[in-house]
Structures are given as structure tokens and as C-alpha cells.
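**Student:** Shown below is the structure under consideration.
The values are calculated or read from the model by the stated rules, or taken from the named source; none is laboratory data. Just so we're clear, the structure is a prediction, and the values are computed from it rather than from any experiment. Heads up, the Cβs are rebuilt from the backbone with ideal geometry, glycines too, and the neighbour counts pull from every protein chain shown. Surface areas here come from the heavy atoms of the whole protein model, side chains and all, with no ligands, DNA or RNA. Shrake-Rupley method; radii C 1.70, N 1.55, O 1.52, S 1.80 Å.
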Amino acid sequence: MKAETITINYFQCAISELEAIDRNLIKESQNAIEGSYSPYSKFSVGAAVLLDNGEIVRGANQENCAYPSGMCAERVALYSAGANYKNNDVIAIAITAKNEKGELTEAYPCGACLQVMVETQLRAKQKLRIIVQKDTELVQIFNGIESLMPFSFTL
Ligand code: THU
């Protein structure tokens, strides 16, 4: 048996250092938080999806008193993009979250959202850029879903 190692490459920088297109996408994910319905967790998440035609589709987490019926912001945005812009590829997704106190905090996509992003990247035939807001100042950028989900299910 041989031990194997995977290296994850990602970038971290200040929001002010981002290219205008990604700075705008992060801003849109912050704005998307307004659509969050999260009375149970009180954790509000916004996501903004960038399409190849420059359009941005927003999503926010939607909770339900039957807890598993709720949906993460990322999937709300990605499925909305798929339903409304079927013929456009998704290039990037930005994610911003706020805790109960209204403070900006990091939210990495859950496993189910990662699997949906695998499908998104397969459809687009190009690497999906995932931008996670860490706090008021910093973001992390992952170029390709394999950075966050190196082993994923595909058919
Ligand atoms: N949530 C998201 O919308 N995206 C994430 O990346 C992490 C978690 C939501 C699900 C639920 O409504 C709340 O945050 C707490 O888990």
C-alpha cells in the first residue's frame, strides 16, 4: 500500500484586489443574502452565478419547517440559472454568508452543492471558478470544482 497526497491550490486575496468581474460577483452574492429565508438556522447565505453571457443569477438559502426540504443558496442559484438560461454556461459562483449577528462569515459549499457544481462544470466543459467570502475583507478563489471535491461521482 502506498500513501498518496493531494495538493489543493487556491488563491486568497482582498476583495479590493479582485478583477472587476469577480468583485462585482462577490457584491452580488452579498446582495443576494436579502433573499435568504432562514428562520430556523438564522444563517443567511447568498450566492451569485456568472454566466458566459455576463448575466448574473442570484440565489439565497430557503429553509422549511420540514428541515430537509430546505435548499442551499448555491443550488437555488445554480438551478435557477439552469432553468432560466439553459443554453448558457456557468463560469463562476460567489458565496457570502452572514451569521445570526449579521456578521459576514465564511460558508464553504456543502457536499450536495459540490456534486451539483461537478455537473455544472461538466456541462460547461470549462473550470468553474468558486469564490468564497471569508470575512469583510478576504476571499478565497478555487479554480475548478476538483479543488474542493477532488474525488467526485460522474457517470
Ligand atoms: N447553507 C447554504 O445555503 N450554503 C452553504 O454553503 C452552507 C449552508 C445554508 C443551509 C441552511 O439554510 C443554513 O445555511 C444553515 O446550514
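**Student:** Region 39-90: which trypsin sites (Lys or Arg not before Pro) are DSSP loop and have at most 15 other beta-carbon atoms within 10 angstrom?
**Tutor:** Here the trypsin sites (Lys or Arg not before Pro) that fit, given the DSSP loop and packing criteria, are 42, 86.
**Student:** May I ask what percent, to the nearest 5, of DSSP beta bridges between residues of the chain are antiparallel? All intermediate terms of the calculation are to be shown ahead of the outcome.
**Tutor:** Working: 25 of 30 bridges.
Rounded to the nearest five, the antiparallel share is 85 percent.
**Student:** Counting only protein heavy atoms and using a 1.4 Å probe, what share of the accessible area of the chain belongs to carbon plus sulfur, as a whole percent?
**Tutor:** It is 51 percent, rounded to a whole number.
**Student:** Mind checking region 119-155 for GluC sites (Glu not before Pro) that DSSP puts in a loop (not H, G, I, E or B) and that have at most 12 other Cβ atoms within 10 Å?
**Tutor:** Those satisfying the criteria are 137.
**Student:** Quick one: give the max-minus-min coordinate of the C-alpha atoms of region 6-89 along each principal axis, largest first, in Å.
**Tutor:** So the extents along the principal axes, rounded to whole Å, are 40, 32, 30.
**Student:** Could you give the accessible area per residue of the chain, probe 1.4 Å, as a whole number in Å²?
**Tutor:** 57
**Student:** Go from 0 up to the bin containing the longest alpha carbon distance in region 52-155, width 10 Å each, and give me the % of pairs per bin.
**Tutor:** Whole-percent P(r) values from 0 Å outward: 14, 46, 33, 7, 0.
**Student:** Give me the extension gain from residue 24 to residue 135: residue separation times 0.36 nm, minus the current Cα-Cα distance, reported in nm with one decimal.
**Tutor:** Using 0.36 nm per residue and subtracting the Cα-Cα distance, I get 38.3 nm.
**Student:** Something else: For the residue pair residue 2 and residue 83, what label-to-label distance in nm results when each label sits 7 Å from Cα along the Cα-to-beta-carbon direction?
**Tutor:** 4.8
**Student:** Which whole-number percent gives the relative contact order of the chain, counting Cα pairs below 8 Å spaced six or more residues apart?
**Tutor:** 23
**Student:** What GluC sites (Glu not before Pro) does region 23-64 have in DSSP loop regions with at most 12 other beta carbons within 10 Å?
**Tutor:** Qualifying residues, ordered by number: 55.
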